[in-house]
1. Once you have all Cα-Cα distances for the stretch 76-211, histogram them in 10 Å bins from zero and send the whole-percent values.
2. Helix 11-22 versus the longest principal axis of the chain: what is the Cα-based angle in degrees, 0 to 90, to the nearest 10?
3. For the stretch 3-63, what is the convex hull volume of the alpha-carbon atoms per residue, in Å³?
4. Counting only other residues whose beta carbon sits under 11 Å from that of Val21, what net charge do I get with K and R as +1, D and E as -1?
5. Taking the alpha-carbon distance from Lys192 and a cut-off under 26 Å, which lysines remain once sequence neighbours fewer than 8 residues away in the same chain are dropped?
Amino acid sequence: MSAADTLMANRKASQIFFHLVRRPAGLQALARRVQLKPAECRKLLERMSRAGLIGLENRSYRVDWEGFLPLFVTRSMNIYSLAMPWKFIASYMDQGEKDVVAAACARAEREMAQIKVKLAGNDVFFDLVRSYFEILVTEAWAPSDYLEDMRITDAIDEFEIALLKLLPLMRRGRRPSAQHRELYRMLHQWYKQLQGYDTPLGAALRAAFEQQGLLS
């Protein structure tokens, strides 16, 4: 687990991050808001800065959105990364590849790296991620204490789950820019991989549904 992953799963670091999404803050004000001693808050801020989560400007800490976006992309692709090798296994079997799994995994890793770079460089996706976190911490979508126990990783993991519900609702037809079109293509491919992938648990559930005549 990387330093960034450890921090994004840490409750105190997450509280700092969510407060900085609302507005930049100096050390003393931030420590009061998150109810930490200044020394402990400073140590967390230094670690978060090194990990690319936040930055310091004019003595105020703020979210480093450009540094955070690649972290978001990598973390959010949990199921997608697992599903991707299956996309290539059949073709490598047809080619008579000796180690089909190793070849498929290597190909998937290369393709995932390209997708992550494209997503992190897409301005529409950048605005989408930033808007998501700003809405999350400012709108009354949940009880007032909901954010107190939430981790950054919780917010990131929700993206992949939500994609299954939201992509079918995305506007069809002409898209306003090339970046919108590129983002839709990437999200649609992601969505298709999520739909087609089954863990052993998911495969067993599917078989059980079929046995009971519940699937068409």
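We did not get these values from a lab; they are worked out from the coordinates using the rules stated. Just so it is clear, the structure is predicted and the values come from calculations on it, not from any experiment. Cβ placement follows ideal geometry from the backbone for every residue including glycine, while neighbour counts extend to all protein chains displayed.
1. Bin by bin from 0 Å, the calculated values are 10, 31, 32, 21, 5, 1.
2. Between the helix axis and the principal axis of the chain, the angle is about 80 degrees.
3. Values: hull volume 4.0 nm³, N = 61.
Expressed per residue, the convex hull around the Cα atoms of the stretch 3-63 is 66 Å³.
4. Its environment carries a net charge of +3.
5. List returned: Lys87, Lys116, Lys118, Lys165.
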